[in-house]
Amino acid sequence: MKGEPITFQWHEHPTSSHGPGVSRPSAPERAKPVALLVKQGRGRPMKVTLMAESNNLAVRYAENRWPGAEVEVAA
């Protein structure tokens with residue numbers, strides 16, 4: 001299968017940041033699920049549930065995963 005195209009490949013944003021404490025909690029035992037709305041450009045918003053210690057940290061994690069996107073806590 002060497003050199004054959006893969007049907008689905010995940011493309012990361014070139015400026016996105018990932019890792020413990022950056023895009024996910026560094027202490028998962030204190031994290032709780034937080035529902036967020038992520039709006040990228042003119043596309044439809046997506047609802048994402050991230051594990052985070054607080055709502056503010058969940059927004060920061062989402063902004064690190066999707067730079068330039070509007071992120072808000074879902075009601």
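Things worth noting here:
- The residues neighbouring residue 50, those whose beta-carbon lies less than 15 Å from its own, together hold a net charge of +3 under the Lys/Arg +1, Asp/Glu -1 convention.
- Extension gain for the segment residue 39 to residue 75, taken as residue separation times 0.36 nm less the Cα-Cα distance, is 11.5 nm to one decimal.
- Radius 15 Å from Cβ of residue 20, net charge of other residues (Lys, Arg +1; Asp, Glu -1): +2
- Distances between every pair of Cα atoms in the range 31-73, grouped in 5 Å steps from 0 to the bin holding the largest one, split as 6, 29, 35, 20, 8, 2, 0 percent.
- Net charge of the neighbourhood of residue 70, taken over other residues with C-beta under 10 Å away and scored Lys/Arg +1, Asp/Glu -1, is -1.
- Take every pair of alpha-carbon atoms less than 8 Å apart whose residues are at least six positions apart; their mean separation over the length of the range 31-73 yields a relative contact order of 45 percent.
Taken together, the values in this text are just the output of simple stated rules run on the coordinates, not laboratory data. Since the structure is predicted, the reported quantities are computational estimates derived from the model, not experimental observations. Here Cβ is always computed from backbone atoms with ideal geometry, including for glycine, and neighbour counts include all displayed protein chains.
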